[in-house]
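The values are calculated or read from the model by the stated rules, or taken from the named source; none is laboratory data. All values reported here derive from a predicted model rather than from experimental measurement. For neighbour counting, all protein chains shown are included, and Cβ atoms are generated from backbone atoms with ideal geometry for every residue, glycine included. Just so you know, the surface numbers come from the protein's heavy atoms only, side chains and all, with ligands and any DNA or RNA stripped out. Shrake-Rupley method; radii C 1.70, N 1.55, O 1.52, S 1.80 Å.
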Amino acid sequence: FDPRHYLGTHCYGFPKTGPHRLRFLLESVKDLRETLKKKGSTLVVRKGKPEDVVCDLITQLGSVTAVAFHEEVREIFEW
């Protein structure tokens, strides 16, 4: 969880993620973890900036051969 996704926006100070969306995300992650556990796997969940957390995880795991990620799509509005 990237803390920057839960702070206010730079335009109006509204939260980027409101309480209902946050609850949905937490429930979804919990469900995913439980589903993976039933299949003999696990889910690693961390809080922090991805650029720091991923690097730390790679160091901890030691035998990482590939890393996949996606970047948040940022909409640009022109008026």
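Computed quantities for the displayed model
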| item | result |
| --- | --- |
| Sites Lys39 and His5, calculated FRET efficiency, Cβ-Cβ separation with R0 25 Å, nearest 0.05 | 0.35 |
| Ranked packing of 36-49, 55-68, most packed first, by mean Cβ within 10 Å | 36-49, 55-68 |
| Mean Cα-pair separation over length for the range 3-61, i.e. relative contact order, pairs under 8 Å, 6 or more apart, % | 25 |
| Whole-number D in µm²/s for the chain (Stokes-Einstein; Kirkwood sum over Cα pairs; 10 °C, 1.306 mPa s) | 104 |
| The chain: angle of helix 19-38 to the longest principal axis, Cα-based, in degrees nearest 10 | 10 |
| Rounded tilt (10° steps) of 50-61 against the dominant C-alpha axis of the chain | 10 |
| Whole-percent carbon and sulfur share, accessible surface of the chain, 1.4 Å | 58 |
